[in-house]
Amino acid sequence: MGSRGCPPRTGYTLAEFLEATHEHVAAPARARRAAAFHIRPFGDRIFNLSTLLLALVGLSILVGLALALVFDSMPSLKAFGWGFLISSDWDPVNDRFGALPFIYGTVVSSALALLIAVPLSLGVALCLSEMAPAWLSRRLGFMVELLAAIPSVVYGLWAIFALGPWLRDRVEPLLVAVLGFLPLFQGPRVAVSMLCAGVVLAIMVIPYVAAVCTDVFRAVPQTQREAALALGATQWEMVRMAVLPHGLSGVIGAIMFGLGRALGETIAVAMVIGNAPQISASLFAPSATLASVIANEFAEATSTLYLSSLVELGLVLLIVGLALNIVARGLVLRATQSRFEAEE
Amino acid sequence: MTGKATTPRYLWRKAKSDLMMGITVAATVVTLLPLFIILAYLAVRGASSLNLAFFTHMPAPVGEKGGGMANAIVGTLELIGLASLMGVPVGIGSGLYLAANRGSPFAGAVRFGADVMMGVPSIVVGIFAYAMVVRPMGGFSTLAGAVALAVIMIPLVTRTTEEMLLLVPHELREAALALGVSGWRTTLWVVARTAASGIATGIILAVARIAGETAPLLFTAFGNRFWSTSLTDPISSLTVQVYTYAISPFPDWQRQAWAGALVLTSIVLALELGVRWVTSGSARAVR
């Protein structure tokens, strides 16, 4: 009765207990139930049906979203085919479009972000799960989460007026002095650049990667840690022997989550990357990402093909984002649930 | 014991361990640094640009100094309200369905869909709202912006609702059923009511999340320099206004962008902090 779908339980439910032991208590209830037979299932059915419909709405949004994007990018798919992905033309005047500069910009800015964010996130996660006492860990974790709460337009604003100039005047000369022989660090220095976008993205994805990593590390069974310590390991050796290997797949999942975030982040990147559809080896040069070009040009796209090409960029973003998210979710779920298997 | 602690080998290992663990502390400090720097910037630059006119005045015509973001503040509130009106019922309904049908394959599909939706870039949601609302209606509108925000909100509310409902002890449900209360009444008046504060937390966090969204509004609600509350006209929002002012070349607009960012961040952080303070952080399910 009514408990359809609840997890299988051992022992009696309260109702069964009552029916088994106190027949005289349960009997009137059963009689009432019988009397109400024609009304109650009806109400339940209405209720179940309406929640089902609402759930259907939720699910159909995802399907509808994917279909809408495919449908709207049809003109561009037909006109350019697969060549769209490897063409570096972006010429709205002559209606010729290619995604390569934006794919390049997205990949490089996200890679740069992860290069900075992953070591820091691992440090934060280890500090929170291994080092800090519970009360401090909770407060620090909360502060890291606050980083995720700050709106991305605020990150963008700060990056335009504070981070960008600081990188240009302080960090970039340093990079040139030390690593100037690399093509990555050559060319004129401006405040809007791939480097600035990468650093902002890093700050924005750290809270996500760090939070998942912390969960993953906390899910490592305590017995593993104790075993390592009992063998005489120092704290760091314990981390290397027990925590990191056990959490590896979860950490990879966390990184993929972060990558998904970085790829799709729009406004902060659009504000600092300079929005130049070009492929330049230098990190000091302006660039553009899939998301930033959509943000900048969508409202002003004049021709059908132009608009459709922008939608196709969105489709690329959606497919890559979904794939990353699905794989990451699987990895993280497995890593955080193994705790229960180990303890039960 | 004492012998072990003094061997050079052990001292070296101990030093290495302390160094590595020290690095993790340093990483935490470096990570939190931007948070405080940004808040400090907002406090200094935002507060010095903030005045009463910001809340009560309309944007000044291009080239003129002064003015405020009264229309953007109202616009943001209207967008959030409308999005919640659409998103919250769907989210709660889906959550109720998921909690009631744990094992069914369809519920699995809905749950998977909600999880996946959370990973969809918000700019893509904007494209969807453009295709669904802006094009059929023939222009940018408040409704389109609210639809985009609702789409972002639904999976968040769905998943928190489900998780909060599952936290309710099963015995409570059984007690109600044993008293002869019908299934749907039990779900609504006993189970959902018990979980209500958790569900409300989820909704408020979702509101905080959509309040800070800019990308999906750029080509749905679009923005408006004039007063508008109509559902079918473009509407201004704090985020889009801050974005437009931030990338403008006028110092007075940039100044106002800081003021807008301060107001926006204050709203979002107040929601986040308020909710966590009330629920002491136990009800966090949305990431």
Among the listed residues B:Leu52, B:Leu79, which satisfies the condition of being closer than 22 Å to A:Ser152 by Cβ and of a type outside the set (Val, Ile, Thr)? B:Leu79
Please note which helices (runs of 4 or more DSSP H) are completely contained in the range A:1-89 and include at least 3 residues that are at the interface with another protein chain (Cβ under 8 Å from one of its Cβ atoms) and at pLDDT 90 or above. A:40-72
Of the conditions (1) part of a loop (DSSP other than H, G, I, E, B); (2) in contact (Cβ under 8 Å) with a residue 40 or more places away in the chain, A:Ala276 clears all except one; give me its number. (2)
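Against the definition (facing chain A (nearest Cβ under 10 Å) and either crowded, with 20+ Cβ neighbours inside 10 Å or in contact (Cβ under 8 Å) with a residue 12 or more places away in the chain (or both)), how does B:Leu231 come out, yes or no?
no
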Keeping to the range B:251-278, report how many residues are touching a residue at least 12 places away in the same chain (Cβ under 8 Å) and more than 10 Å from chain A (Cβ to nearest Cβ). 8
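Conditions (1) at the interface with chain B (Cβ under 9 Å from one of its Cβ atoms); (2) assigned to a helix (DSSP H, G or I); (3) at pLDDT 95 or above, marked per residue:
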| position | (1), (2), (3) |
| --- | --- |
| A:Val243 | no, yes, no |
| A:Arg261 | yes, yes, no |
| A:Ser280 | no, no, no |
| A:Leu283 | no, no, no |
Output for Cβ contacts, cut-off 7 Å, separation at least six or different chains, first residue acidic (Asp, Glu) in the range B:77-100, second crowded, with 24+ Cβ neighbours inside 10 Å, reads B:Glu78/B:Thr142; B:Glu78/B:Ile235
B:Arg173 fails exactly one of (1) assigned to a helix (DSSP H, G or I); (2) at the interface with chain A (Cβ under 9 Å from one of its Cβ atoms); (3) under 20 Å from A:Leu147 (Cα atoms), namely (3)
With the checklist (1) in a helix (DSSP H, G or I); (2) closer than 22 Å to A:Leu59 by Cα; (3) free of Cβ contacts under 8 Å to residues at least 60 places away in the same chain in hand, flag the one item B:Val29 doesn't pass. (2)
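Every residue, every condition in (1) within 11 Å of chain B (Cβ to nearest Cβ); (2) touching a Cys at 6+ places or on another chain (Cβ under 9 Å); (3) crowded, with 18+ Cβ neighbours inside 10 Å, yes or no:
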| position | (1), (2), (3) |
| --- | --- |
| A:Pro221 | no, no, no |
| A:Gln224 | no, no, no |
| A:Val272 | yes, yes, yes |
| A:Glu297 | yes, no, yes |
Evaluate the following for B:Phe140: is it more than 7 Å from every other protein chain (Cβ to nearest Cβ) and under 29 Å from B:Ile235 (Cβ atoms)? yes
Some residue of the range B:3-11 being part of a helix (DSSP H, G or I), at pLDDT below 95, of a type in the set (Phe, Trp, Tyr) and farther than 25 Å from A:Cys213 by Cα: yes
Of the conditions (1) crowded, with 19+ Cβ neighbours inside 10 Å; (2) within 11 Å of chain A (Cβ to nearest Cβ); (3) at pLDDT below 95, B:Ile152 fails just one. Which one is it? (3)
Somewhere in the range A:311-326, is a residue touching a Phe, Trp or Tyr at 6+ places or on another chain (Cβ under 9 Å), in contact (Cβ under 8 Å) with a residue 60 or more places away in the chain and farther than 20 Å from B:Tyr130 by Cα? yes
Filter the range B:62-79 down to residues that are buried (at least 21 other Cβ atoms within 10 Å of the Cβ) and under 30 Å from B:Leu165 (Cα atoms), then give me how many there are. 2
State whether the residues of the range A:298-306 include one that is in contact with a helix residue (DSSP H, G or I) (Cβ under 6 Å, 6 or more places away or on another chain) and outside any helix (DSSP H, G or I). yes
Considering each residue of the range B:25-79, count those that are under 11 Å from B:Arg255 (Cα atoms) and of a type in the set (Val, Ile, Thr), and give that number. 0
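Sort out which residues of the range A:109-140 are closer than 19 Å to A:Arg261 by Cα, of a type in the set (Gly, Ala, Ser) and within 10 Å of chain B (Cβ to nearest Cβ), and write them in order of number.
Those that are closer than 19 Å to A:Arg261 by Cα, of a type in the set (Gly, Ala, Ser) and within 10 Å of chain B (Cβ to nearest Cβ): A:Ala117, A:Ser121, A:Ala125.
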From the list A:Leu167, A:Leu179, A:Leu201, A:Leu184, pick out the single residue that is closer than 30 Å to A:Gly253 by Cβ and either charged (D, E, K, R) or modelled with pLDDT under 95 (or both). A:Leu184
Is it the case that A:Leu322 is in a helix (DSSP H, G or I), surrounded by fewer than 21 Cβ atoms within 10 Å (Cβ to Cβ), on the phi < 0 side of the Ramachandran plot and not acidic (Asp, Glu)? yes
For the range A:176-234, enumerate the residues that are assigned to a helix (DSSP H, G or I) and among the charged types (D, E, K, R). A:Asp215, A:Arg218, A:Arg225, A:Glu226
From the list B:Met117, B:Met164, B:Met132, pick out the single residue that is more than 9 Å from chain A (Cβ to nearest Cβ) and in a helix (DSSP H, G or I). B:Met164
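Could you say whether any residue in the range B:196-216 is in contact with a Leu (Cβ under 6 Å, 6 or more places away or on another chain), at the interface with chain A (Cβ under 9 Å from one of its Cβ atoms) and without any contact (Cβ under 8 Å) to a residue 40 or more places away in the chain?
Going residue by residue through the range B:196-216, those that are in contact with a Leu (Cβ under 6 Å, 6 or more places away or on another chain) are B:204, B:206, B:208, B:210.
Okay, now just the ones that are also at the interface with chain A (Cβ under 9 Å from one of its Cβ atoms), so B:208.
Now drop any that are not without any contact (Cβ under 8 Å) to a residue 40 or more places away in the chain, which leaves none.
Scanning the range B:196-216 turns up no residue that is in contact with a Leu (Cβ under 6 Å, 6 or more places away or on another chain), at the interface with chain A (Cβ under 9 Å from one of its Cβ atoms) and without any contact (Cβ under 8 Å) to a residue 40 or more places away in the chain.
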Residues (in contact with a Leu (Cβ under 8 Å, 6 or more places away or on another chain), among the small types (Gly, Ala, Ser) and farther than 30 Å from B:Arg135 by Cβ) located in the range A:278-302: A:Ala281, A:Ser282
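The values are calculated or read from the model by the stated rules, or taken from the named source; none is laboratory data. Model, not experiment: these values are computed from the prediction. No Cβ is skipped: glycine too gets one built from the backbone with ideal geometry, and neighbour counts run over all protein chains shown.
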